[in-house]
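Asks: Quick one: the structure is below, questions incoming.
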Amino acid sequence: MTAVEAPPSAPEVLARCRELVRPALRDAVGRLHPWVAEMAGYSFGWCEVGGAPVAAPGGKGVRQALAVLGAEAAGADGRAGIPAAVAVELVHAFSLLHDDIMDGDPTRRRRPTVWKAYGTGPAVLAGDALFALAVETLATGPQGAGAVRLLSAALADLVRGQADDLVFATRPCTGPQRVTPEEYRAMAEGKTGALLGCAAALGAVLGGADETTAGTLDRAGRHLGVAFQLVDDVLGLWGDPAVTGKPVGGDLRERKKTYPVLAALASPAAHGLPELLDAPGRAEEAAALIEAAGGRTAALAEARAHTAAARTLLARAPLAAGAAGDLFRLLDHLVDRRL
């Protein structure tokens with residue numbers, strides 16, 4: 001009797017998709033000005049400052065995987081989704097370069113951020129170049145005009161979500177002007193979910209999917225994005241910096257209204273939390289009170305609710321079985337990351 005081969009794990013799916021996309025991504029970055037290409041390579045973990053090759057840990061390649069799996073879900077070869085994968089990965093890298101500047105984050109993935117390594121102006125320039133390259137990648141590929149429209153709409157939502165995230169930090173913790181959970185969900189869908197949904201939808205479109213299937217993948221990706229952001233919020237407060245690559249408590253020091261904070265503030269057990277949040281040197285105490293008030297539990301429950309919504313959407317769509325299975329495993333893996 002022939003043994004039944006086990007389906008690939010989520011890390012194996014991510015690795016397969018990264019390997020498929022990497023040559024095209026490197027070729028695209030190689031078309032940039034050499035100095036800008038070096039900064040981009042540094043941001044991807046390909047080189048050190050100065051250009052010396054290095055095997056630094058890069059990102060997980062979630063958006064790349066969603067684009068490849070979107071094409072496969074439409075019944076095409078995963079290579080059909082490569083232009084979408086390259087474009088969304090370039091936009092993601094652009095957004096991270098600018099996000100690190102706006103947040104003042106000195107490290108990412110256990111290395112100095114691009115603005116710390118090269119300077120603020122060069123980092124802004126590198127981000128702009130990556131965005132322009134993403135548009136060029138889609139515009140010169142199959143279904144160029146429609147693909148660029150999808151990416152542009154996602155980028156508009158991303159900017160809106162990022163703007164909300166920054167504005168939320170200036171709003172009070174209590175009272176009528178406080179940030180609500182509904183506002184948080186809209187922010188997270190824009191900041192994180194828009195590009196995840198776009199990746200899956202773009203891959204599907206390039207793979208020949210109809211508008212309805214692409215739209216379903218987009219909505220599922222947006223739910224995944226909210227769940228992903230919620231887990232990031234939890235990791236930012238209680239994760240291991242050796243695993244996350246970012247310092248614990250950074251969101252609290254930046255006065256970000258993350259979901260654990262919002263959930264805790266709504267609890268009677270959070271007495272004194274607003275005062276702690278206004279004291280940057282007391283982030284550790286604030287994190288402990290947020291957890292005691294149920295903020296961590298509430299955030300993880302909300303993340304799993306959005307994952308369930310994404311699974312329901314995918315289950316109803318006419319997707320190729322193998323790719324659908326990979327998408328389901330990827331959903332669970334991203335929400336159950338080590339905390």
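Values in this text are rule-based calculations from the coordinates and carry no lab data. These numbers were taken from a predicted model, which means no experiment stands behind them. Note that each Cβ is placed from the backbone with ideal geometry, even for glycine, and that neighbours are counted across all protein chains shown.
Asks: Under a point spin-label approximation (7 Å from Cα along Cα-to-Cβ), what is the Gln177-Ala6 distance to one decimal in nm?
Replies: Placing both labels 7 Å beyond Cα along the Cβ direction yields 5.5 nm.
Asks: Between the helical axis of 10-29 and the dominant principal axis of the chain, each derived from Cα atoms, what acute angle in degrees is found, rounded to the nearest 10?
Replies: 70
Asks: Please identify, among Arg26, Arg222, Arg304, the residue showing maximal mean-square fluctuation in a Gaussian network model of the chain using a 10 angstrom Cα cutoff.
Replies: With Cα springs under 10 Å in the chain, the top fluctuation among Arg26, Arg222, Arg304 is at Arg26.
Asks: Between the stretch 250-329 and the stretch 54-112, what is the C-alpha centre distance in whole Å?
Replies: Here the two parts' Cα centres lie 22 Å apart.
Asks: If Lys and Arg each add +1 and Asp and Glu each add -1, what is the summed charge of the other residues whose beta carbon sits under 12 Å from the beta carbon of Val68?
Replies: Computed value for this residue: 0.
Asks: Hey, another quick one. Considering Cα pairs under 8 angstrom that are at least six residues apart, work out the relative contact order of the chain and quote it in whole percent. Walk me through the intermediate numbers first.
Replies: Numbers: 550 pairs, mean separation 63.6, N = 339.
That works out to 19 percent.
Asks: Here is a follow-up. Pairs on different chains or at least eight residues apart, Cα atoms closer than 21 Å: how many lysine pairs in the stretch 10-334 fit? Before the final figure, lay out each step's value.
Replies: On the way: Lys60/Lys191; Lys60/Lys246; Lys116/Lys246; Lys191/Lys246; Lys191/Lys256; Lys191/Lys257; Lys246/Lys256; Lys246/Lys257.
Summing the qualifying lysine pairs gives 8.
Asks: Identify which of Leu20, Leu230, Leu90 has the largest mean-square fluctuation in a Gaussian network model of the chain, with springs joining Cα atoms closer than 10 Å.
Replies: Of the options given, Leu20 has the highest mean-square fluctuation.
Asks: Sum up the charges of everything whose Cβ sits under 11 Å from the Cβ of Leu276, counting Lys and Arg as +1 and Asp and Glu as -1, but leave Leu276 out.
Replies: Local charge sum for Leu276: -3.
Asks: Shifting gears a bit: Taking the Cβ of Ala305 as the centre, find all other residues whose Cβ is under 12 Å away and add up their charges (Lys, Arg: +1; Asp, Glu: -1). Intermediate results must be reported in sequence, preceding the final value.
Replies: Details: positive: Arg185, Arg304, Arg311; negative: Glu302.
It works out to a net charge of +2.
Asks: Rounded to the nearest 500, what is the 222 nm mean residue ellipticity of the chain from helices alone, with -39500 (n - 2.57) per DSSP H run of 4+ residues and division by all residues? Write down the numbers at each step before the final one.
Replies: Details: 17 runs with 231 residues, N = 339.
Computed ellipticity for the chain at 222 nm equals -22000 deg cm²/dmol.
Asks: If you don't mind, another one. If contacts are Cα pairs under 8 angstrom and at least 6 residues apart, what is the relative contact order of the stretch 206-292 in percent?
Replies: 22
Asks: Which residue, Val135, Val49, Val36, tops the fluctuation ranking in a GNM of the chain built on C-alpha contacts under 10 Å?
Replies: Val49
Asks: Which one is right for this structure if Cα extents along the principal axes in Å is calculated from it: (1) 58, 58, 42; (2) 56, 50, 43; (3) 60, 49, 35?
Replies: So the structure-derived entry is (2).
Asks: Give the angle, between 0 and 90 degrees and rounded to the nearest 10, that separates the Cα long axis of helix 144-168 from the longest principal axis of the Cα atoms of the chain.
Replies: Tilt of helix 144-168: around 10 degrees.
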